[in-house]
Amino acid sequence: MTIYKKPILFTIMATLTVLAGTVAMMIYPQFLPSTQPHNELQKPYTPLELAGRDVYQAEGCNNCHTQTIRPLKAEVARYGPYSKAWEFEYDRPFLWGSKRTGPDLHRVGGKYSDKWHYKHMVDPPKMIYGSNMPKYDFLADAELNPATVEARIKVLGFPYTKEQIEELDGLTKMDAIVAYLQKLGTAVKRPPRPPKIKEGAENPNTDATSIANGQKIFEMNCTGCHGIDLKGGVGADLTDVLWLNSTEDFEDWEIFDIIDNGTVAGMKRRAEGGMPAFGDFMGTYKIWNIVAYIRSKEAKE
Amino acid sequence: MATQEYSYDVVKGFTFSAMLWGTVTILVGILIASQLVYPNLNFAPFLTFGRLRPLHTNAGAIGFGIGSFFGMFYYITQRLTGVSIPFPKLARAHLWLFNIAVVLAAVSLVAGMNTTKEYAELEWPLDVVVVILWVMFAINIFGMIFKRKNLYLYVSLWYIIATVIAVAVLYIINNLAIPVGLTKSYSIFSGVNDANVEWWYGHNAVGFIFTTPFLAIFYYFFPKTANLPIYSHRLSIVSFWSLIFAYLWTGAHHLIYTPVPDWIQTLAMAFTIFLIAPSWGSVINGYYTMGGNWDRMGNNYLIKFFILGITFYGLQTVQGPTQGLRSISSLIHYTDWVPGHVHMGTMGWVTMTICAATYYMIPQIYKTKIYSVALANTHFWLVLIGQLTYSVTMWITGIQQGAMWKATDPDGSLTYTFIETNLANIPFWQIRAIAGAIFLLGFLVFVFNVTMTVKQGRRLAKEVA
């Protein structure tokens, strides 16, 4: 075995050995169409969104949040349609992450209202009961530097206008990260959910146990926006008979429908708000329990 | 070789530096572990989890891991080639620049300069410094190899050569980026390709920063300690070539179920399973080297460090490939199982081997004996208990969380919200922070023991003079 007496030859052979897998698995795929698909639906980041992405990187959000939804039943139910390769064309670097100490964020765009995000960033446990996310209130005090953002977007070659840069003046890192989060994953629309109940359906669970059950679910999921007293905040006051500037009372099945499908803009709602759909997390009986709880707290007018 | 004068200054320097950065790594680790349970321990903006976690991993990989093997490679290569460091001033500069780089890395990460590519978070000016450090190191290592007196290259030198080459290739390619100012850059790769490059790098950082260097160290220090020759030379050869061949194919097992093309994921899975063979080649070589003399586990305090170290390497390299399978990955990926896995490698295999080699090397250099075998044994049991508690609790809670993420009610809706699955982690996270503290205590006993050994060596040297 003479190679072990010839260091130069040995080094060359070791290099070639290491390069074999490198070429096959890393260099060759660089040139395949499947690793760089393009789809018109995916738009490059605007200056404000890019600034937000830079904040996301600087704060190391990727250490707790992933941005890739796996094609698994539970995952699609929890987060939305699984991630497509073309959605990441403008991501330098990719931000898929490797650990979920917090939830996946790939389709968080449009899920909550801007107002919710601002409040959540300032004090996460206020909006999500039991959250261990740090407070990012300091972002609201850090102003963006339009010149820096312009220099960065130029390097990436994304289209932008002078107005977009001028508009950054006076905006903060908080505005930027909210804008970035609201863009995430919005190129793919969620398919409509199959209806769980019929129009006009009556609540089958209205007994005391259901109300107590509903209270538990409500306190875990709803108090961030509607308050522990149901008096509202980010969301509507639920003790009022007339919600959301509507002219008449909501029927049980309509409340069910709002919890199930949310009030995200664009859906057929009486009032378009920023309430996310909870139907994926909650089965029929859980939602009916919440309806029963809300009814029990309603002002008797 | 009795007349040969070796140069040990930088060996000492790197060993002490690594002990310092190792302590920092564990301290930061305990802090971020506690932040998950007590979010009020996040001191924004500089000391939040998001900024400190890269500090923990970089301090561990670069400061402790690389720092340790820089020193040990300077030692091993001199001994195995029979020549001293050819450019001692360059080696001295290497030591200083290394420590300056680690400090700058820590400051820049805490300041929020982060490329977000895992285990390659440093921004481009520091990447340049790392490359310079690597070249400085390579010049001296290859210098010794080319000037060597012993014609035959021993196994450890193979692994050293492979480490020097592979890390250079991996680090440079993955960090290719377009700078915008001194503190920011954008990757030249995008989307799916960037992910594939990153995990080709990420997994091989494990391979060539946490595996091959410590195999070099194991193959040198273990037979020395046991005073027995390596069991099979042929097994060493087969293991070496198949290990450095297969590693580079496996990175995409970190990307199971992502938009990376399926064939890349599947091929990576296949090579990952194959990788069990060369990994266990070294484990078996270690076990058989004992030649049945297992009584030495009891009467030679150092043997058990090496044997436990290589055992954790063996467990790691079975658990790792298992996790690479799609079905297992779908359950445990993104959960705390993975930190549990990683820390068996870093706290078990790597740290155990570094400490053992240090216990052997320092008394050799200072021409003395270890200060206290009793303290070394205390150290051993503390780090073992700390590490096992850490890993086992993370495995349990990882499976629990993976199962809770998947759980559905009879009507097909999800049983748990995300936060409910997170709250279920809390008792385990608490135990993990305590496990980290026990491990830290063990490590401090090690630092104390080594420091006292050095003092004792210096005193003896004075007495002789």
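The values are calculated or read from the model by the stated rules, or taken from the named source; none is laboratory data. Because the structure is a prediction, the values reported are computed rather than measured. Heads up, the Cβs are rebuilt from the backbone with ideal geometry, glycines too, and the neighbour counts pull from every protein chain shown.
Report, by residue number, each residue of the stretch B:320-329 that is out of contact with any Gly (no Cβ under 9 Å at 6 or more places or on another chain), of a type outside the set (A, V, I, L, M, F, W, C) and either surrounded by 20 or more Cβ atoms within 10 Å (Cβ to Cβ) or touching a residue at least 12 places away in the same chain (Cβ under 8 Å) (or both).
Within the stretch B:320-329, B:Pro321, B:Gln323, B:Gly324, B:Arg326, B:Ser329 meet the criteria.
Every residue in the stretch B:43-61 that is at the interface with chain A (Cβ under 7 Å from one of its Cβ atoms) and surrounded by fewer than 23 Cβ atoms within 10 Å (Cβ to Cβ), please.
B:Ala44, B:Pro45
Quick check on my filter: what residues within the stretch A:234-286 are at pLDDT below 85 and of a type in the set (Lys, Arg)?
Matches in the stretch A:234-286: A:Lys268, A:Arg269, A:Arg270.
Quick one: would you say B:Ser242 is within 30 Å of A:Gln57 (Cβ to Cβ), small (Gly, Ala, Ser) and either touching a His at 6+ places or on another chain (Cβ under 8 Å) or within 11 Å of chain A (Cβ to nearest Cβ) (or both)?
So B:Ser242 fails the test.
Regarding B:Asn196, is this residue over 21 Å from A:Tyr90 (Cα atoms) and either polar (S, T, N, Q) or not in a helix (DSSP H, G or I) (or both)?
no
Being within 30 Å of B:Gln430 (Cβ to Cβ) and crowded, with 17+ Cβ neighbours inside 10 Å is the requirement here; does B:Gly71 meet it?
Here the answer is no, as B:Gly71 does not meet what is asked.
Looking only at the stretch B:96-121, which residues are surrounded by 18 or more Cβ atoms within 10 Å (Cβ to Cβ), away from chain A (no Cβ under 14 Å) and of a type in the set (Phe, Trp, Tyr)?
B:Phe98
Taking the stretch B:314-342 only, how many residues are closer than 25 Å to B:Asn285 by Cβ and either in contact with a Leu (Cβ under 9 Å, 6 or more places away or on another chain) or not hydrophobic (A, V, I, L, M, F, W, C) (or both)?
Adding up the residues that qualify gives 10.
From the list B:Ile362, B:Ile438, B:Ile434, which residue is of a type in the set (A, V, I, L, M), surrounded by 22 or more Cβ atoms within 10 Å (Cβ to Cβ) and over 27 Å from B:Trp280 (Cα atoms)?
Sole residue among the options that is of a type in the set (A, V, I, L, M), surrounded by 22 or more Cβ atoms within 10 Å (Cβ to Cβ) and over 27 Å from B:Trp280 (Cα atoms): B:Ile362.
Among the residues of the stretch B:134-180, write down those that are buried (at least 21 other Cβ atoms within 10 Å of the Cβ) and of a type in the set (Lys, Arg).
none
Kindly indicate which of B:Val129, B:Val206, B:Val135 is assigned to a helix (DSSP H, G or I), more than 12 Å from chain A (Cβ to nearest Cβ) and over 22 Å from A:Leu19 (Cα atoms).
One residue alone meets the criteria, B:Val129.
Taking the residues in the stretch A:58-110 that are of a type in the set (A, V, I, L, M) and facing chain B (nearest Cβ under 8 Å) as candidates, determine which candidate is surrounded by the most Cβ atoms within 10 Å (Cβ to Cβ).
The extreme case among them is A:Leu95.
Listed residues A:Tyr45, A:Tyr28; which is under 19 Å from B:Asp194 (Cβ atoms) and within 18 Å of the chain's Cα centre (by Cα)?
Result: A:Tyr45 is the single residue among A:Tyr45, A:Tyr28 that is under 19 Å from B:Asp194 (Cβ atoms) and within 18 Å of the chain's Cα centre (by Cα).
Identify, by number, the condition in (1) under 30 Å from A:Phe250 (Cα atoms); (2) within 24 Å of the chain's Cα centre (by Cα); (3) in a helix (DSSP H, G or I) that A:Pro194 doesn't meet.
Answer for A:Pro194: the failing condition is (3).
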